[in-house]
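Read-outs: derived from the displayed coordinates by stated rules, not from any lab. It should be emphasised that the depicted structure is a prediction, and the values quoted were computed from it without experimental measurement. We place every Cβ from the backbone using ideal geometry, glycine too, and count neighbours over all the protein chains shown.
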Amino acid sequence: MTASEIKATAKELGFDACGIAPAAAHPELQFFREWIARGYDGEMAYLSRSADRRADVRHVLPSARSVIVTATNYNTDRGYSIECADSTRAHVARYAWGDDYHDVIGQRMATLLAWMRDRSPEAFDARVYVDTGPVQERVYAQHAGIGWIGKNTCVIHPAIGSWIFLAEIVCSLPLQVDAPSLDQCGTCTLCLEACPTGAIVAPGVLDSTRCISYLTIEKRGDIPESLHAAIGSHVYGCDICQEVCPWNAVAPRSDDPAWQPRSAWDRVDLLTLSRRSDDELADALRGSAMRRTKAQGLRRNVTIALRNSVARCEPFDGETPDQRRG
Ligand code: B12
Ligand code: SF4
Ligand code: SF4
């Protein structure tokens, strides 16, 4: 079983890109500890708890020799949030519009691994991850030649862009590896300038505690008031630093039914969303990546977005509707 056969099978299974990185302690992995020390992980305690294992993929699988990384395009045909002038419309991050990628991609990766086990003349150790374990997925993606880590911290595939999910099979097979991707951000700084909260504190360094994605998805309890206005109409996640990226200007679209927008989140207005009952919300969240916030977290975000949308409406001109009618 060769590396090219694995990549060809990955393509047949619907993955848009596949590359192989050596299972090594790549230099970029060192940055993680400093990031935690600066408090950029906020309340995501699971990250600091697993810092030792994240330093090298061989800490999760000691026999590991190779990391097979797949990328799946989830871009669909809806416009970008930065193109929408209507402040009453709720914005849900693109990755969360369809089915939960942990389930969908997890199944496809399991099929790829089953094919490998069937095909390999020798037994081997392997583990599958889809944002489900202590593996720095972006670093291994870069070293597998999938794409470079942009200044917005996302992995950018030169042909597909950054609307991609990453997943890995860490295995003990000594497969032929790919060359790492080279940085193609150049002198561009669009993402740093566009971030409404200044969360990208330096190229490739993100302070989660200021990031709308963290605030609306990961943060429990109240969101600091100083950040409410910048959240705008975002009710779940944020895509701005990817929407402004020139590498996503002509990103190809996926017609995979799994990623097509569910009607509950498709260009929905904030008022409609706020009026949904807990049962209706629970129904729409079933099988979606958005179930992470639960109905309660979503309501908190919708309340902030609604207040923002009212604040952005025309200021009251002093005349009541009755006075205007004369
Ligand atoms: C925690 C987390 C978050 C946090 C923190 C994000 C961040 N940028 O660190 C929050 C909640 C904010 C978040 C947001 C999003 N996330 Co997220 N997230 C993760 C998770 C679970 C861990 C990432 C992590 O460890 N961050 C800490 C930093 C330090 O590590 P890192 O991102 O791996 O960065 C490495 C390198 O960039 C390098 N490095 C970084 N900066 C520098 C600077 C220097 C000087 C050097 C030398 C090196 C260096 O070192 C790091 C490794 O140690 C991964 C899954 C995984 N297990 O990897 C998904 C993951 C990164 N997220 C993903 C997605 C889709 C998103 C969102 C787009 C969702 C949304 N629309 O709201 C946003 C994107 C926001 C953004 N600009 O990053 C995808 C990214 C796909 C891609 N194209 O890159 C991943 C890979 C999940 C997946 N399997 O698909 N996420
Ligand atoms: S996801 Fe939004 S808030 Fe977070 S860094 Fe990107 S633009 Fe800023
Ligand atoms: S917007 Fe520019 S700097 Fe930011 S990730 Fe894209 S190419 Fe790189």
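Laid out as a table, the results:
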quantity: Most mobile listed residue (GLY106, GLY98, GLY221) in the chain, GNM with C-alpha springs under 10 Å; calculated: GLY221
quantity: Cβ-defined net charge surrounding ASP283, 12 Å radius [Lys, Arg +1; Asp, Glu -1]; calculated: +1
quantity: Whole-angstrom gap from segment 72-148 to segment 1-69, using each part's C-alpha centre; calculated: 13 Å
quantity: Max mean-square fluctuation residue, GNM over the chain, Cα-Cα springs under 10 Å, options GLY79, GLY145, GLY287; calculated: GLY79
quantity: Segment 185-237: relative contact order as a whole-number percent, Cα under 8 Å and 6+ apart; calculated: 29 percent
quantity: Over the chain, relative contact order from alpha-carbon pairs under 8 Å, at least 6 apart, %; calculated: 24 percent
quantity: Normalised alpha carbon radius of gyration of segment 109-157 [divisor 2.2 N^0.38 Å]; calculated: 1.43
quantity: Backbone HN-Hα couplings from phi across segment 205-212 [Karplus 6.51/-1.76/1.60, Hz, Gly and Pro as x]; calculated: 10, 10, 8, 4, 5, 9, 7, 4
quantity: Mean separation of Cα contacts under 8 Å (6+ apart) over length of segment 67-163, as relative contact order %; calculated: 30 percent
quantity: Cα→Cβ-extended label distance, 7 Å offset, between ALA25 and SER50, nm; calculated: 1.9 nm
quantity: Whichever lysines have a C-alpha closer than 18 Å to that of LYS219, once near sequence neighbours (fewer than 8 apart) are set aside; calculated: LYS294
quantity: Ranked PHE31, PHE165, PHE124, criterion: other C-beta atoms within 10 Å, fewest first; calculated: PHE31, PHE124, PHE165
quantity: Extended-chain gain in nm, criterion 0.36 nm per residue less alpha-carbon gap, VAL205 and ARG307; calculated: 33.7 nm
quantity: Proximal charge balance of ALA23 [Cβ under 15 Å; K/R count +1, D/E count -1]; calculated: -1
quantity: Fewest-first ranking of HIS59, HIS143, using other Cβ atoms within 10 Å as the exposure measure; calculated: HIS59, HIS143
